[in-house]
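Chemist: Got a structure for you, questions after.
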Amino acid sequence: MNRVTRSFARWLTSAVLACSGAVIAQDKPANYPTRPVRLVLSVAPGAGADAIARAAAQMLTDAWGQNAVVDNRPGAGGVIAIELVARSAPDGYTILSLGDNLMLLGAQKRVSFDVLKAFDPIVATSTQPYILIAGPNVPVKSIKELVAFSATQPVTYSGGAGIGTSVHLGMERLAQLSGAKLLFVPFKGSAPAIIAVTGGEIHIVAASAIAASGAIRTGRVRALAALSLARIPAMPDLPTVAEQGFPGFKITNRYGLYAPAGTPRAIVAAINRVVSDGMHSPQMTQRLEADGSEPAERMTPAQLKATIAREYAEIEQQVRSLNIKIQ
């Protein structure tokens with residue numbers, strides 16, 4: 001667990017549900033939970049997604065007095081974690097914590113089932129902008145300089161979390177738009193990708209703002225661009241890719257919790273209330289914004305399900321247009 005995740009967890013222990021936990025604790029299904037709740041995560045410890053999952057786990061623990069624990073299951077771009085939860089009993093004790101990768105993997109047919117039917121969306125937790133960072137020995141400060149640099153190299157390695165993820169598709173799209181010659185290298189999360197770019201193993205990485213902010217502040221990497229449509233409030237001087245000549249380009253991610261299909265509605269609704277309230281608490285909002293993130297829009301499970309179905313159709317079109325072949 002890196003410095004960002006450790007500080008995030010310490011802060012949550014004392015602040016996340018300081019005011020609301022006692023009230024929420026009375027608003028849950030009878031006889032649930034009676035044992036630890038497991039949040040299965042598809043990335044390694046230290047990534048932005050890891051910090052958000054640990055935040056949600058702490059909220060559930062504080063609210064109900066029963067441990068909620070994070071189970072990191074990185075690999076195969078998220079397939080390992082998704083299949084594990086899809087096969088689990090729909091009893092509220094095994095929950096998937098994932099971002100838009102769920103839709104991406106479904107659209108790419110990398111799992112043998114329909115992800116829209118296999119899971120019941122519970123709650124949207126946060127939205128994460130991404131940042132494009134370069135290693136300390138890569139002499140570029142902008143997208144334009146990156147394109148020129150890549151023309152002088154046999155190969156320019158880009159990195160990020162997983163094959164077929166939003167980061168992978170985004171970097172392929174950036175190469176297509178800019179003309180930069182990039183070869184994507186998948187990692188099991190943002191944290192190992194940042195370690196690789198810091199050590200000179202690869203040239204650039206697209207990482208979540210939460211995961212990258214510490215390395216940027218300490219000068220171990222150089223920020224080239226915000227990968228969101230608007231500048232990140234925590235980094236107002238960092239221009240977006242769109243501002244650097246490529247309108248409409250973005251890599252963002254909405255994290256959420258998902259239960260195996262058929263999980264009792266009362267359990268799904270109770271988790272939604274706890275985590276929604278926790279993510280929108282003043283303390284949590286302030287912390288997320290400091291790291292360049294924000295709470296996701298409040299939605300009921302039914303509203304989230306409808307939103308995901310609509311976005312799934314859009315992602316299917318993007319996958320077809322980029323024509324990325326996943327081995």
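The values are calculated or read from the model by the stated rules, or taken from the named source; none is laboratory data. A quick note: this is a predicted structure, and the numbers were derived from the prediction, not measured. Here Cβ is always computed from backbone atoms with ideal geometry, including for glycine, and neighbour counts include all displayed protein chains. Side chains included, ligands, DNA and RNA excluded: accessible areas come from the protein's heavy atoms. Shrake-Rupley method; radii C 1.70, N 1.55, O 1.52, S 1.80 Å.
Chemist: What are the chymotrypsin sites (Phe, Trp or Tyr not before Pro) within segment 71-134 that DSSP puts in a loop, where the Cβ has at most 16 other Cβ atoms within 10 Å? Present the calculation step by step, with values, prior to reporting the outcome.
Modeler: Values: sites: Tyr93, Phe113, Phe119, Tyr130; in loops: Tyr93, Phe113.
For chymotrypsin sites (Phe, Trp or Tyr not before Pro) across segment 71-134 that sit outside H, G, I, E and B with at most 16 neighbouring Cβ atoms in 10 Å, the list reads Phe113.
Chemist: Using a cut-off of 20 Å between alpha-carbon atoms, which aspartates and glutamates can reach Lys117, once sequence neighbours fewer than 8 places away in the same chain are excluded?
Modeler: Glu83, Asp91, Asp100, Glu311, Glu314, Glu316
Chemist: When a/c is below 1.5 the answer is rounded, else prolate if a/b is larger than b/c, else oblate, so apply that to the chain with a ≥ b ≥ c taken from the square roots of the Cα gyration tensor eigenvalues. Please list the in-between numbers first.
Modeler: Details: a/c = 2.06, a/b = 1.53, b/c = 1.34.
Prolate shape, in that a/c is at least 1.5 and a/b is the bigger ratio.
Chemist: Sequence gap at least 6, Cα distance under 8 Å: using those rules, report the relative contact order of segment 172-298 to the nearest whole percent.
Modeler: Numbers: 100 pairs, mean separation 24.3, N = 127.
Relative contact order of segment 172-298: 19 percent.
Chemist: What's the longest bit of the chain with no exposed GluC sites (Glu not before Pro), using DSSP loop states and at most 16 other Cβ atoms within 10 Å as the test?
Modeler: Details: sites that count: Glu201, Glu297.
It works out to 1-200.
Chemist: Kirkwood Rh over alpha-carbon pairs of segment 108-175, then Stokes-Einstein at 25 °C and 0.890 mPa s: what D in µm² s⁻¹, rounded to an integer? Before the final figure, lay out each step's value.
Modeler: Working: Rh = 15.2 Å.
For these conditions, the coefficient is 161 µm²/s.
Chemist: Let me have the 222 nm mean residue ellipticity of the chain computed from DSSP H runs of 4+ only, each contributing -39500 (n - 2.57), with the sum over all residues rounded to the nearest 500. It would help to have the intermediate numbers written out before the result.
Modeler: Numbers: 13 runs with 139 residues, N = 327.
Value at 222 nm, helices only, nearest 500: -13000 deg cm²/dmol.
Chemist: Further question on the same structure: Looking at segment 111-148, which trypsin sites (Lys or Arg not before Pro) are in a loop (DSSP not H, G, I, E or B) and have at most 14 other Cβ atoms within 10 Å? Before the final figure, lay out each step's value.
Modeler: Numbers: sites: Lys117, Lys141, Lys144; in loops: Lys141.
In loop regions of segment 111-148 (DSSP not H, G, I, E or B), the sparsely surrounded trypsin sites (Lys or Arg not before Pro) are Lys141.
Chemist: Right, next: Apply 1/(1 + (r/R0)^6) to the Cβ-Cβ distance of Val69 and Gln286, taking R0 = 25 Å, and write down the FRET efficiency to the nearest 0.05.
Modeler: So the FRET efficiency works out to roughly 0.45.
Chemist: Which of the aspartates and glutamates could be linked to Lys305 by a straight reach, that is with a Cα gap under 12 Å, when you skip same-chain ones fewer than 8 residues away?
Modeler: Counting by Cα, and skipping residues close in sequence, Lys305 has these aspartates and glutamates nearby: Asp120.
Chemist: Provide the FRET efficiency to the nearest 0.05 for the Ala306-Ala151 pair, computing r from the beta carbons and using R0 = 45 Å. Kindly include the intermediate steps, with their values, before the conclusion.
Modeler: Details: r = 45 Å, r/R0 = 1.01.
The value I calculate is 0.50.
Chemist: Which shape class, rounded, prolate or oblate, goes with segment 204-243 when its Cα gyration tensor gives a ≥ b ≥ c as root eigenvalues, a/c under 1.5 marks rounded, and past that a/b bigger than b/c marks prolate? It would help to have the intermediate numbers written out before the result.
Modeler: Numbers: a/c = 1.79, a/b = 1.56, b/c = 1.14.
In terms of gyration-tensor shape, prolate.
Chemist: For segment 40-145, report the accessible area per residue in Å² (1.4 Å probe, heavy atoms, rounded to an integer).
Modeler: Details: 3300 Å² over 106 residues.
So segment 40-145 comes to 31 Å² accessible per residue, rounded to a whole number.
Chemist: Could you work out how much longer the chain between Thr34 and Ser142 gets when fully extended? Use 0.36 nm per residue separation minus the Cα distance between them, nm to one decimal. Walk me through the intermediate numbers first.
Modeler: Values: separation 108, 0.36 × 108 = 38.88 nm, distance 5.25 nm.
That works out to 33.6 nm of additional length.
Chemist: Relative to the compact globular guide of 2.2 N^0.38 Å, what is the alpha carbon radius of gyration of segment 144-277, as a ratio? Could the numbers behind the result be given before it?
Modeler: On the way: Rg = 17.4 Å, N = 134, 2.2 N^0.38 = 14.1 Å.
The reported ratio for this selection is 1.23.
Chemist: Additional query: Looking at segment 63-113 from every direction and averaging, what is the projected area of its Cα convex hull in nm²?
Modeler: Details: hull surface 16.9 nm².
Hull-based average projected area comes out at 4.2 nm².
Chemist: As a test of reading the structure, rank Thr307, Thr300, Thr198, Thr218 by solvent-accessible area (1.4 Å probe, protein chains only), most first.
Modeler: In descending accessible area the options line up as Thr218, Thr300, Thr198, Thr307.
Chemist: So for the chain: antiparallel DSSP bridges make up what percent, rounded to the nearest 5? Walk me through the numbers before you get to the answer.
Modeler: Values: 23 of 41 bridges.
Around 55 percent antiparallel, to the nearest 5.
Chemist: How do 68-78, 41-51 rank on mean C-beta neighbours within 10 Å, highest first? Could you put the intermediate results ahead of the total?
Modeler: On the way: 68-78: 20.5, 41-51: 28.0.
So the order, starting with the most tightly packed, is 41-51, 68-78.
Chemist: Any idea what the relative contact order of the chain is, in percent, if you count C-alpha pairs under 8 Å spaced at least 6 apart?
Modeler: Rounded, it is 26 percent for the chain.
Chemist: Assuming 0.36 nm per residue, please report the length gained on full extension of the stretch Gln317 to Leu177 beyond their Cα-Cα distance.
Modeler: So the chain would gain 48.7 nm between Gln317 and Leu177.
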